[in-house]
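First up is the structure itself, then whatever we jot down about it.
Every number in this text was worked out from the coordinates using simple rules, so none of it is lab data. What you see is a predicted model, and the numbers here were worked out from it, not measured in a lab. Cβ sites come from the backbone with ideal geometry, for glycine too, and all protein chains shown count toward neighbours.
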Ligand SMILES: *Cc1c(COP(=O)(O)O)cnc(C)c1O
């Protein structure tokens, strides 16, 4: 899953174009300096509050709490749902380990669901067959920021009274039928890791759409104490009231994040420019070589998180990675299926996800980041187009 490994392992050509660079925007340095000198660099300072208010305004007035990572937002969701041993959680196998770890940490059993060939999102037509009396949650992951089929997923979940929680690590500011991703489930997890569209190095947020979870989320995030109510003047001292952990990021990191969130349209414009240039520049080549470019359904708005391609075979995928690496360009694979991983096999040995297995062997992600130089985008296109898939 690492984004920095060479396909061949021994390549010595210097890297010209990395796979990722963290997003940087004009106000970052200024806000970080302001935070540094503000006298408040622990969690829940002014910058954290401003990030949360800004995100809430863009996500249907949901309650937003910044967290130390997307992984921790997922863990917080599993705690809030009171997931425990004997419970089953339906998750795609084609995702990052954190999506499943959050629930495995509580002792739950993952039930892996296969993906659709077009969007690489969980295949909602297989949901019904995987539901049992023990199913407690369904976790859609919006791959590359393109929405899962939330209409049918919510219908099925509601019929069985099962919670839907979104792993929206890729999908901030993406939409499904005009509604923002992250606002469909009872809760959603966001990530601000350096590989994501908006980043503060390590960071995340929980989006809480069902107000019943808000009070307890604040308590668990603050080491199991009612400290937030104390600061609001609602109680005259704060004390230990529940289990908890420390999921608040430093306000310094929130300062970095706020600068980027305020410049979201600039970020969006830059990312859409690179994405569309790839799609256009690779259209003929992909058709001639039987390569699938990313598919975005009409009713989905992508936030342009990744640019991936599905090659005709595992061999051609590996050969293209090596071809690009020899020209100093780092392209990478994505998601070794979790159901085949050593830990996945241990806790869930019976899974059938043939599409996941086939696609993950053939998938390649091209260098793609907000501040990508157009000269580099053209260089990648040129290198890819110089590669012919062996028939
Ligand atoms: C990045 C990512 C996470 C984890 O986020 P961190 O902030 O790195 O902990 C979870 N799920 C998916 C799908 C991700 O891409």
* Ranked list, fewest to most other Cβ atoms within 10 Å of each Cβ, for 30, 308 -> 30, 308
* To do: Would you mind ranking 240, 266, 275 so that the residue whose beta carbon has the fewest other beta carbons within 10 Å leads the list?
  => 240, 266, 275
* So if we plug the beta-carbon distance of residue 298 and residue 273 into 1/(1 + (r/R0)^6) with R0 = 22 Å, what FRET efficiency do we get, rounded to 0.05? -> 0.55
* To do: Be a star and scan the range 177-219 for residues whose amide nitrogen sits under 14 Å from the point 7 Å along the Cα-to-Cβ vector of residue 158.
  => 184-186
* Structure fact -> Once residue 126 and residue 49 are pulled to full extension, the length gained, defined as 0.36 nm per residue separation minus their Cα-Cα distance, is 23.7 nm
* Could you put 186, 207, 141 in order, starting from the residue whose Cβ has the fewest other Cβ atoms within 10 Å? -> 186, 141, 207
* Asked: Among rounded, prolate and oblate, which fits the chain when a ≥ b ≥ c are the square roots of the eigenvalues of its C-alpha gyration tensor, a/c under 1.5 means rounded, and a/b larger than b/c means prolate?
  -> oblate
* Asked: If the chain between residue 237 and residue 34 were fully stretched, how many nm would it gain, using 0.36 nm times the residue separation less the Cα-Cα distance?
  -> 70.0 nm
* Structure fact -> Rounded to the nearest 10, the angle in degrees between the Cα long axis of helix 374-385 and the longest principal axis of the Cα atoms of the chain comes to 50 degrees
* Asked: Taking N as the number of residues in the range 52-201, what is its Cα Rg relative to 2.2 N^0.38 Å?
  -> 0.96
* **Between 0 and 90°, nearest 10: helix 150-159 axis offset from the chain longest Cα axis** => 50 degrees
* To do: Would you calculate the volume per residue, in Å³, of the smallest convex hull containing every Cα atom of the range 195-339?
  => 202 Å³
* Any idea how far the Cα center of the range 78-138 sits from the one of the range 259-315, in Å? -> 27 Å
* Potential extension, residue 82-residue 288 segment - 0.36 nm per residue separation minus Cα distance -> 69.0 nm
* Asked: So how tilted is helix 314-326 from the main axis of the chain? Cα-based, degrees 0 to 90, rounded to 10.
  -> 90 degrees
* Structure fact -> Taking the alpha-carbon centre of each part, the distance from the range 34-54 to the range 199-240 in Å is 15 Å
* Highest mean first, what order results for 102-110, 372-380 on Cβ atoms within 10 Å? -> 102-110, 372-380
* Structure fact -> Quick calc: nm separation of the 7 Å Cα→Cβ label points for residue 245 and residue 177 -> 3.4 nm
